[in-house]
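Heads up, the thing below is written out as structure tokens.
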Amino acid sequence: MSGGGRMPSSAWAFAGLCVAGQLVQLAHRGLSRSDGVGVFLSMALTALVVSWFAAGVLRGRTVRLVIVWILIGLGTVLTGFGIVVDLSDANGWDLLDLLLSLGQVAALAAFCSTDYLRWQRAHPDQPGPGIGGLVAVALVVGLLGGMTASSDDGSSQIRLRVGL
């Protein structure tokens, strides 16, 4: 594979699932109740962090790829565990969140098995296909995450939400 190869469809699938996950969280929790400055700062910081991680994953950077795997995997396991532990409290939002998380795991696994990622890892100093479109999607994911209300609903449950 040369550096001019196409971006794998699994990368786009992962990005789409992340946007869908953030939209589900926004629909379920609503907008953040913080002041305008706090929301703006949260959106900006989250967008920068998420897009930086996305660029690293797309370029096969080991540390960022491992961190994303840990976050996505842990989020999926904890979401599933939370549903199983308290089945009576589980709702459609929780199940949709779990399905999207499982889809993210599958899409990330598919991406990690592509020739594209193997080439990126073998040629870290050579430019590959443009990643601008996917990094822009990651920016949107971060912006949505920064404007979404926290899961602090007064309950004693611990919830983890990861939107990469």
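The values are calculated or read from the model by the stated rules, or taken from the named source; none is laboratory data. Please read these numbers as outputs of a predicted model, since none were measured by experiment. Because the Cβ atoms are built from the backbone with ideal geometry, glycine has one as well, and the counts that use them run over all protein chains shown. When the accessible area is computed, the model is the full protein with side chains, heavy atoms only, and any ligands, DNA or RNA have been set aside. Shrake-Rupley method; radii C 1.70, N 1.55, O 1.52, S 1.80 Å.
Would you compute, from DSSP H runs of 4+ residues alone, the mean residue ellipticity of the chain at 222 nm, taking -39500 (n - 2.57) per run and dividing by the full residue count, rounded to the nearest 500?
-23500 deg cm²/dmol
Note the full-extension length gain between VAL63 and LEU23 as 0.36 nm times their separation in residues minus their Cα-Cα distance, in nm to one decimal.
11.7 nm
Out of residues 5 or more away from HIS123 or on other chains, whose amide H comes under 5 Å of its own, with H placed 1.01 Å from N in the peptide plane?
none
What are the ³J(HN,Hα) couplings of the range 127-137, residue after residue, when phi is run through the Karplus curve with 6.51, -1.76, 1.60 and θ = phi - 60°? Round to Hz, x for glycine and proline.
Couplings: x, x, x, x, 10, x, x, 6, 5, 5, 5 Hz.
Using 7 Å Cα-to-Cβ label points, what is the ALA136/CYS112 separation (nm, one decimal)?
So the label points at ALA136 and CYS112 sit 2.9 nm apart.
Could you work out the relative contact order of the chain, using alpha carbon pairs under 8 angstrom and six or more residues apart, expressed as a whole percent?
Here the relative contact order equals 52 percent.
Please work out the average accessible area per residue across the range 39-155, using the 1.4 Å probe convention, and give it in Å².
Result: 52 Å² per residue.
Give me a comma-separated list of calculated 3J(HN,Hα) values for the range 52-63, in order, Karplus coefficients 6.51, -1.76, 1.60 applied at θ = phi - 60°, integers in Hz, x for any Gly or Pro.
For the range 52-63, the Karplus curve yields 5, 5, 4, 4, x, 5, 5, 9, x, 6, 4, 4 Hz.
Residue by residue through the range 9-25, what is 3J(HN,Hα) from phi via Karplus (6.51 cos²θ - 1.76 cosθ + 1.60, θ = phi - 60°)? Round to whole Hz and write x for glycine and proline.
5, 5, 5, 5, 5, 4, 4, x, 5, 5, 4, 4, x, 5, 5, 5, 5
Give the carbon-plus-sulfur fraction of the accessible surface of the range 20-164 in %, rounded to a whole number; probe 1.4 Å, heavy atoms of protein chains only.
Answer for the range 20-164: carbon and sulfur cover 68 percent of the accessible area.
Give me, ordered by chain and number, the residues 5 or more places off THR148 or on other chains with an amide H under 5 Å from its own placed amide H.
Hits under the 5 Å cutoff: SER32.
Heads up, I need the accessible area for THR46: 1.4 angstrom probe, whole protein in place, Å², nearest 10.
40
Evaluate the distance, in nm, between pseudo-label points positioned 7 Å from the Cα of ASN91 and of LEU74 along their respective Cα→Cβ axes.
Placing both labels 7 Å along Cα→Cβ, they lie 2.7 nm apart.
Peptides 31-39, 59-67, 143-151: what's the order by average Cβ count within 10 Å, highest mean first?
So the peptides 31-39, 59-67, 143-151, ranked by packing, come out 143-151, 59-67, 31-39.
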